[in-house]
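Remarks on the structure that follows.
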Amino acid sequence: MFGRKRKLDDFSAEIEAHLKLEFERQRALGLSEEEARAAAQRAFGNVMQAKERFYESGRWLWLDHFWQDVRYGARTLRKSPGFTAVAVITLALGIGANTAIFSMVDTLMFRPLPIGHPEEVVFLCLPRDATHFDSGFSGPEFRQIREQSSAVFSDVGAMIMGGLLGGIGRSDGLTVEGTTKPVQALFVTGDFFQMLGIRPYLGRLILPSEGKTPGADPVVVLSYLYWKARFQGDPGVIGKAAFVNGHPVTIVGVAPKGFLGPTPIFEMEAYLPLGMRTVETGEDTAFLTDVSTRDLFIIGRVARGVSIEGANAVLGALGQRLAKQYRRVGVSTLLQAKPLRPPGIIDGSNPFPALAGLFLTLAGVVFGLACLNVANLSLVRAVGRGREMAVRAALGGKRARLVRQLLSETMLLALLGTPAGILASTLALRAITSVAPASDLPLVFEFPFNARVFVFALSIAIVAIAIVGIIPAVRASSGNLSKILHEGGRTSTARSQRTRTALVAVQVGGSLALLIVAGLFARSLKNAQHADLGFDPRNVLNMSFDPAEIGYGQAQGAEFYNRLLTQVRGLPGVQSASLAMVVPLGDTVQGDQVSVLGYVAQQGEQLRAEYNAVSTEYFKTMKIAVLRGRNFLDSDTESSRRVAIVNEAMAERFWPGADPIGRTFKRDGDSAHIIEIIGEVRNSRTADPYSPCGPLFYIPNTQCYSSVQTLQVRTAGEPQAATPLVLAVARGIAPTAPILSVRTMTNAVSNGANGLLFFHLGAELTAALGLLGLTLAVVGIYGVMAYAVGQRSQEIGVRIALGAQSKNILWMISRQGLVIIGIGLGLGLLVAVGVGQLVGNFLVGVAPTDPFTYLGVSVLLSLVALGACFIPARRAMRVDPMIALRYE
Amino acid sequence: MSTQKDNEKLELLQGTLDLLILRTLIFGPHHGQGIARAIQETSDEELLVEHGALYPALQRLEERGWISAKWGTSSNNRKARFYTLTAAGHKQLVKETTKWRRLAKAIARILGSEAAGG
């Protein structure tokens, strides 16, 4: 133990010496030996007291007491393993749920990017309205901003996201040793890494001298995770020759561990110098030179001593000059710097704070329930130990010391609960991260455990100690000692019984609120699942390709897709097959501005429509009903007349009440051609399963080439069974072409981020929290009822002896339970209405105050709670009056 | 030594024990029993010092660094813990003595002739 200044032994020796010296002095004065000893003792006074006072003046006394308390607490806890186990598990679940959810929220919202001084790093944008902004800039705009903002920025860099995230309908492939695999690329200016202040894990990063010239500096830096996953962390890949989309490059380094790029949700897997974007655009260098091609995101680091507000003042003036010079329309000219922090650059309203608020609230409720539960259990024990406490107080135990002892017992529980809670949350996080979103995007669905979260869990545990420990401790020590001693601690329980009843009622209320939220989410999921999608996802296999990853141009690519389609249609069990640029409820939707002759736009009305480039047989494969006109045919080729098939919403929007067939329109992406409408099909969902369908037109994939296309195969039986056959066909045509993804359409809808993924996650997460809450409430009710029956067994015995019927006893006990449940339900409904305010935005087809859910869940909870009452009540009915009366 | 006589002895005022210990140690190192005896004898047996009460005071003084202690041998060849006045203790003694004198004088002045006559 920690060294005390002076040992007690040494002090005892000194007193011994003192007594001897005094004894000798008295002897010298002529007293007999016995008299001398007595005189020395008398002169000294109480030796024990002196020693005690010495002991207590020791600096580490509190620590001694603390250890005593801890040892004592450990002993008592060991003596009641049942209580200890329930309390620790309860705390662990409470702490676990909170830690898991906080880990998620931390990753998605708070954890700063792993870069130097992340608070100084910003991205630039021009606001369109309160929540939307334009963050794309042209090369000339970027260079002008860089030159004219040196007063407020120490570095300004730019980047372009490649691949699917780039939104130009293509992906990127990295070929090493003949094998091509998809890679999410980020094209960056040379000073990008220097600006972020990060160092390579291996090799080097992009150099400041690189990236200025199109096609020059053919180097690639891999991300740590990509390097680990694809090359098993082999340092030998550095310096290797490779190809990106068929263009030769050299792998020069690996980015630091933990760095995912400028956003924590998507992982950038390969970094190339900005000028190398020609691996995607070919000869086209507009992204660097053209004033109206606004592909660049601008990232900057504010200079030391400059605040973001200060920077914005300077940028405002710069923005006005830019707007005038480059004719930007539809945006505010107030160029703005916004902090680059999780969840990244989000144009539009950010759903994360609301989601985080909701789930932290729910987890908080669960945590509160867990605390109440432990408090309740401790209270039961504290009252049961009232006699022990009273005896100890009567023997001179100071009250503060008794309270401290109870507190240290609870602290031990919390200490045991913390590692158990961390274990529970690790398991919970593993369950959450095991969710596999059906997405081709480099989504990182990982919520690692970190120090911050650990501290959070620990501080939660400490709060738990305070909440859980103080209530029973105060109660136990404030009892009337002599009364407790005389009455055996039995009759003085009325007040504590009331307290426990109140605690359990609150528990019932909390768990009702949790269950109602879970019920709302479940209903919402059910609504989304049963939504009419407008197409039939069953028995469809999706397989996505991008032959551009191995350097195929349009002619080669179109040839590849043609042969693929022809051969797959000939496979056994295939009913129909088609190709599409985008998959409904997939990662992206394509949209374009349209102009319709004769349609006059309202003030501020955007003439936008979604579109999809599809092959023949598309509507047959997807089972989208053709309402009028014709399907696409093989005769619709690149050189024939441009044609389109529109959905109902598009027809209604531009030609209300009229037949759209034969009408024409233009789209900005292909403004040289007039497009004639040849058919109309039913509305179908594209972006999500519930929003009203907007205008959408289909064009033949022969008239709008996309290198990323998804082959969709409708099979007679299980679609997965066709996978090996289809794969063999694809490999036969282009052995080295990578396959982006293979999944059934059902899975794509169910687990797609734009499909039902978040409905599933929301429903499952709230259901887990709701069940946790319900379990805690049941344990609480059962505990209180069982204890009450135990305490009243003598009374019950008397009643039975005096002729009370079983049903009277049952009623007597159940009444108490009913009161608890009734109060709890009332409380819970109030809380649920409050929490309902938080969930409204995440529900589909169900109001946050949906009476059906409220009623159903209340009935369910009441039944379960009554069940928990029934077991102790039945025990009460069977009380043997003789035994109960003889017991005292 | 009768209890009667003991009762007539003066009880020490709060805080004066520290001063007396420091004062006693001015003549050289002493052990606990020696200090107790010295206080009693120099006060002509007027002051009552319970020997046991001495030790918390010694403990306190030692902690504050006014006295230091080490084990040694007494004149009659007994092992004992000897206390020595430190420089800081000396300073403290001077300070406390001055304070005590002023206090005593002030009290004497207030009590005046009455005390003298009594």
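Quick note: the coordinates plus some simple rules give every number you see, no bench work behind them. Remember, predicted model here, so these are calculated numbers, not experimental data. Counting neighbours? That spans all protein chains shown, and the Cβs are built from the backbone with ideal geometry, glycine included.
Just name one of B:ASN76, A:ALA728, A:LEU318: the one whose Cα is farthest towards the positive end of the charge dipole of the protein assembly as shown (beta-carbon charges, Lys/Arg +1, Asp/Glu -1).
Most positive-ward Cα: B:ASN76.
Shielding of A:21-28 by partners, i.e. mean partner chain Cβ atoms within 10 Å per residue?
Values: counts 12, 6, 1, 4, 4, 1, 0, 1.
Going residue by residue through A:21-28 and averaging, the value is 4.
When A:PHE11, A:PHE852 are ordered from fewest to most other Cβ atoms inside 10 Å of their Cβ, what list results?
Values: A:PHE11 18, A:PHE852 11.
The fewest-first ordering by Cβ neighbours comes to A:PHE852, A:PHE11.
Exposure proxy check: A:VAL846, A:VAL568, A:VAL391, A:VAL600 ranked by fewest other beta carbons within 10 Å? Intermediate results must be reported in sequence, preceding the final value.
Working: A:VAL846 20, A:VAL568 23, A:VAL391 14, A:VAL600 6.
Ascending Cβ contact count within 10 Å gives the list A:VAL600, A:VAL391, A:VAL846, A:VAL568.
Along the Cα-to-Cβ line of A:ILE346, 7 Å from the Cα, sits a label point; which residues in the range A:111-139 have backbone N less than 14 Å from it?
A:111, A:131-133
If I take every Cα pair under 8 Å that is 6 or more residues apart in chain A, average their sequence separation and divide by the length, what percent do I get for the relative contact order?
Contact order relative to length: 15 percent.
Enumerate the amide H contacts of A:TYR611 below 5 Å, restricted to partners 5 or more residues apart or on another chain; note that Pro and chain-start residues carry no placed amide H.
A:GLN590, A:GLY591, A:ASP592, A:PHE697
Using amide H atoms built in the peptide plane, which far-off residues or other-chain residues are under 5 Å from B:PHE82 H to H?
So B:PHE82 has HN proximity to B:LYS70, B:TRP71, B:GLY72.
Which of A:GLU177, A:GLU120 comes first, and how do the rest follow, when ranked by fewest Cβ neighbours within 10 Å?
A:GLU177, A:GLU120
Using the Cβ atoms and a cut-off under 12 Å, what net charge is assigned to the surroundings of A:LEU520, where Lys and Arg are +1 and Asp and Glu are -1? Write out the running numbers ahead of the final one.
On the way: positive: A:ARG523, A:LYS526; negative: A:ASP850.
Cβ neighbours under 12 Å give a net charge of +1.
Among A:ALA38, A:HIS65, A:THR90, whose Cα sits farthest toward the positive end of the charge dipole of chain A (+1 at Cβ of Lys/Arg, -1 at Cβ of Asp/Glu, about the Cα centre)?
Selected residue: A:ALA38.
Quick check for me: using +1 on Lys/Arg Cβ and -1 on Asp/Glu Cβ, what's the dipole size of the protein assembly as shown about its Cα centre, in debye to the nearest 20?
Working: 101 positive and 81 negative charges, 821 e Å.
Charge dipole, the protein assembly as shown, about its Cα centre: 3940 debye, nearest 20.
What does the charge dipole of the range B:3-117 about its Cα centre add up to, to the nearest 20 debye, if the Cβ of each Lys and Arg holds +1 and the Cβ of each Asp and Glu holds -1?
On the way: 17 positive and 13 negative charges, 124 e Å.
It works out to roughly 600 debye.
Amide H neighbours of A:VAL681 under 5 Å, counting only residues 5+ apart in sequence or on other chains, H built in-plane at 1.01 Å?
Residues meeting the criterion, in which the H sits 1.01 Å from N, are A:LEU627, A:VAL646, A:ASN647, A:GLU648.
Give me the three principal axis extents of the range A:832-884 from the C-alpha atoms, as integers in angstrom, largest value leading.
Principal axes ranked by extent give 61, 17, 12 Å for the Cα atoms.
When ranked by the protection proxy of mean other Cβ atoms within 10 Å per residue, highest first, what sequence do the peptides A:321-327, A:619-625 form?
Per-residue mean Cβ counts within 10 Å order the peptides as A:619-625, A:321-327.
Run the dipole for the range A:540-751 about the Cα centre, Lys and Arg Cβ at +1, Asp and Glu Cβ at -1, nothing else charged, and hand back the magnitude in debye, nearest 20.
Working: 18 positive and 20 negative charges, 87 e Å.
Roughly 420 debye for the range A:540-751.
Could you pull out which residues in the range A:412-441 have an amide N less than 17 Å from a spot 7 Å beyond the Cα of A:LEU771, following the Cα-Cβ vector?
Residues A:424-435 fall inside that zone.
List, in order, the whole-Hz ³J(HN,Hα) value for each residue of the range A:682-692 obtained from phi through the Karplus relation with A = 6.51, B = -1.76, C = 1.60 and θ = phi - 60°; use x for Gly and Pro.
5, 5, 9, 6, 10, 8, 7, x, 10, 5, x
Please compute the average number of Cβ atoms from other chains found within 10 Å of each residue's Cβ in peptide B:69-77. Mind dumping the intermediate values first?
Working: counts 3, 0, 4, 0, 0, 4, 1, 5, 0.
Whole-number average of other-chain Cβ neighbours for B:69-77 is 2.
Greater than 26 Å separation of Cα atoms is the criterion. Which listed pairs, B:LYS79/B:LYS99; A:LYS526/A:LYS623; A:LYS79/A:LYS807; A:LYS181/A:LYS228; A:LYS51/B:LYS99; A:LYS7/B:LYS79, meet it?
Details: B:LYS79/B:LYS99 36 Å; A:LYS526/A:LYS623 22 Å; A:LYS79/A:LYS807 37 Å; A:LYS181/A:LYS228 14 Å; A:LYS51/B:LYS99 32 Å; A:LYS7/B:LYS79 17 Å.
Over 26 Å apart, Cα to Cα: B:LYS79/B:LYS99; A:LYS79/A:LYS807; A:LYS51/B:LYS99.
Roughly how many Å is it from the Cα centre of the range B:27-78 to that of the range A:237-313, as a whole number?
82
Using 1/(1 + (r/R0)^6) with R0 = 56 angstrom and r between the beta carbons of A:ALA151 and A:ALA502, what's the FRET efficiency to the nearest 0.05? Kindly include the intermediate steps, with their values, before the conclusion.
On the way: r = 63 Å, r/R0 = 1.13.
Calculated transfer efficiency: 0.35.
Tell me, what ³J(HN,Hα) does each residue in the range A:577-589 have, in order and in whole Hz, if you take phi through Karplus 6.51 cos²θ - 1.76 cosθ + 1.60 with θ = phi - 60° and put x for Gly and Pro?
8, 8, 10, 8, 6, 10, 9, x, 6, x, 6, 9, 10
Nearest 500 deg cm²/dmol is fine: what mean residue ellipticity at 222 nm does the protein assembly as shown get from its DSSP H runs of n ≥ 4 alone, each adding -39,500 (n - 2.57), divided by its residue count?
Values: 32 runs with 512 residues, N = 1006.
For the protein assembly as shown, the value works out to -17000 deg cm²/dmol.
Using a Förster radius of 45 Å, what is the FRET efficiency between A:GLU16 and B:LYS91 based on their Cβ-Cβ separation? Nearest 0.05, please. Can you show the working numbers first?
Numbers: r = 33 Å, r/R0 = 0.73.
So the FRET efficiency works out to roughly 0.85.
Let me check I've understood the local charge: for A:THR616, count other residues with C-beta under 9 angstrom from its C-beta, Lys and Arg +1, Asp and Glu -1. What total comes out?
Cβ neighbours under 9 Å give a net charge of -2.
Full-extension gain between A:ASP659 and A:ASP634, please, as 0.36 nm times their residue separation minus the C-alpha to C-alpha distance. Mind dumping the intermediate values first?
Details: separation 25, 0.36 × 25 = 9.00 nm, distance 2.45 nm.
Working it through step by step, the gained length comes to 6.5 nm.
Where in chain A are the DSSP H helices whose alpha-carbon span along the long axis reaches 20 Å or more and whose Kyte-Doolittle mean is at least -0.5?
A:81-105, A:308-326, A:352-384, A:399-433, A:451-477, A:494-529, A:757-791, A:806-839, A:851-877
Averaged over peptide A:41-47, how many Cβ atoms belonging to another chain are found within 10 Å of each residue's Cβ? Could you put the intermediate results ahead of the total?
Values: counts 2, 5, 9, 9, 6, 3, 2.
Mean shielding by partner chains, rounded to a whole number: 5.
Could you go through the range A:289-294 in sequence order and give the Karplus-derived ³J(HN,Hα) for each residue, using 6.51 cos²θ - 1.76 cosθ + 1.60 with θ = phi - 60°, rounded to whole Hz, and x for Gly and Pro?
Per residue, the Karplus-derived 3J(HN,Hα) values read 10, 6, 6, 10, 8, 10 Hz.
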